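The next block holds one structure in the form of structure tokens; read it before the comments.
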Ligand code: NI
């Protein structure tokens with residue numbers, strides 16, 4: 001296992017739409033293990049493959065620090081099939097270090113995906129898990145938290161953040 005480099009805004013790869021996983025092989029298993037190690041090493045609750053430079057529809061999530069009944073989830077080709085409610089809460093991203101913002105997300109979601117062995121699974125999520133899953137699935141579609149800000153807030157963010165990075 002290895003800790004991978006996390007791509008940071010404004011890296012172009014973070015804007016791209018990831019491709020579905022079609023082959024579950026040794027290479028994919030290694031990527032999954034490396035993503036898990038990278039997520040824990042960064043104290044994150046989730047990580048999507050594009051964040052480590054791989055444009056595949058693969059995410060890892062572990063919200064057990066805040067939700068005692070949860071554990072590590074590895075999801076291949078995840079899809080939100082249904083949702084209920086809206087909830088506003090603070091959110092950050094490992095690819096946008098040092099920035100957090102309040103974002104509205106679906107309160108409860110239903111997901112269909114495949115586990116790391118290729119077995120179909122269905123998940124019902126609320127609380128932090130629901131938020132983390134929506135955040136990571138956004139990454140698979142090339143969407144960052146800043147893309148969910150109003151145009152004015154996004155522009156203010158860009159000016160401030162890119163200045164800080166210089
Ligand atoms: Ni993120």
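The values are calculated or read from the model by the stated rules, or taken from the named source; none is laboratory data. All values reported here derive from a predicted model rather than from experimental measurement. Cβ sites come from the backbone with ideal geometry, for glycine too, and all protein chains shown count toward neighbours.
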Is it true that some residue in the stretch 147-162 is closer than 27 Å to residue 110 by Cβ and in contact with a helix residue (DSSP H, G or I) (Cβ under 6 Å, 6 or more places away or on another chain)? no
State yes or no: is residue 38 farther than 17 Å from residue 140 by Cβ and crowded, with 20+ Cβ neighbours inside 10 Å? no
Out of the residues in the stretch 73-99 that are exposed (fewer than 15 other Cβ atoms within 10 Å of the Cβ) and over 24 Å from residue 8 (Cβ atoms), state the one that is nearest to the chain's Cα centre (by Cα). 79
Residue under question is residue 14, and the condition is that it be within 15 Å of the ligand (Cβ to nearest atom) and either in a strand (DSSP E or B) or farther than 18 Å from residue 128 by Cβ (or both); does it hold? yes
Which residues, counting only those in the stretch 130-166, are out of contact with any strand residue (DSSP E or B) (no Cβ under 7 Å at 6 or more places or on another chain) and closer than 23 Å to residue 83 by Cβ? 138, 141, 142, 143, 144, 146, 147, 150
Restricting attention to strands (runs of 3 or more DSSP E) lying wholly within the stretch 52-119, give those where 3 or more residues are more than 15 Å from the ligand (Cβ to nearest atom). 73-92, 100-114
Cβ pairs under 8 Å, 6+ apart or interchain, first in the stretch 142-164 and within 20 Å of residue 90 (Cβ to Cβ), second assigned to a helix (DSSP H, G or I) and at pLDDT below 95, ordered by first then second residue, are 146/154; 146/157; 146/158; 147/154; 149/157
Could you list, in sequence order, the residues of the stretch 120-142 that are more than 18 Å from residue 67 (Cα to Cα) and within 16 Å of the ligand (Cβ to nearest atom)? 137, 138, 139, 140, 141, 142
Among the residues of the stretch 34-48, count how many are touching a strand residue (DSSP E or B) at 6+ places or on another chain (Cβ under 9 Å) and more than 12 Å from the ligand (Cβ to nearest atom). 3
Looking at (1) farther than 20 Å from residue 147 by Cα; (2) in contact (Cβ under 8 Å) with a residue 40 or more places away in the chain; (3) exposed (fewer than 15 other Cβ atoms within 10 Å of the Cβ); (4) out of contact with any helix residue (DSSP H, G or I) (no Cβ under 7 Å at 6 or more places or on another chain), which is the only condition residue 17 fails? (1)
Contact list, first residue from the stretch 35-58 and under 11 Å from residue 4 (Cβ atoms), second anywhere and modelled with pLDDT under 95 and away from the ligand (no atom under 14 Å from the Cβ), beta-carbon distance below 6 Å, six or more apart or interchain, is 37/1
Confirm whether residue 132 is buried (at least 20 other Cβ atoms within 10 Å of the Cβ) and without any contact (Cβ under 8 Å) to a residue 24 or more places away in the chain. no
Hits in the stretch 115-129 - residues which are without any contact (Cβ under 8 Å) to a residue 40 or more places away in the chain and either surrounded by 12 or more Cβ atoms within 10 Å (Cβ to Cβ) or touching a helix residue (DSSP H, G or I) at 6+ places or on another chain (Cβ under 7 Å) (or both): 125, 126
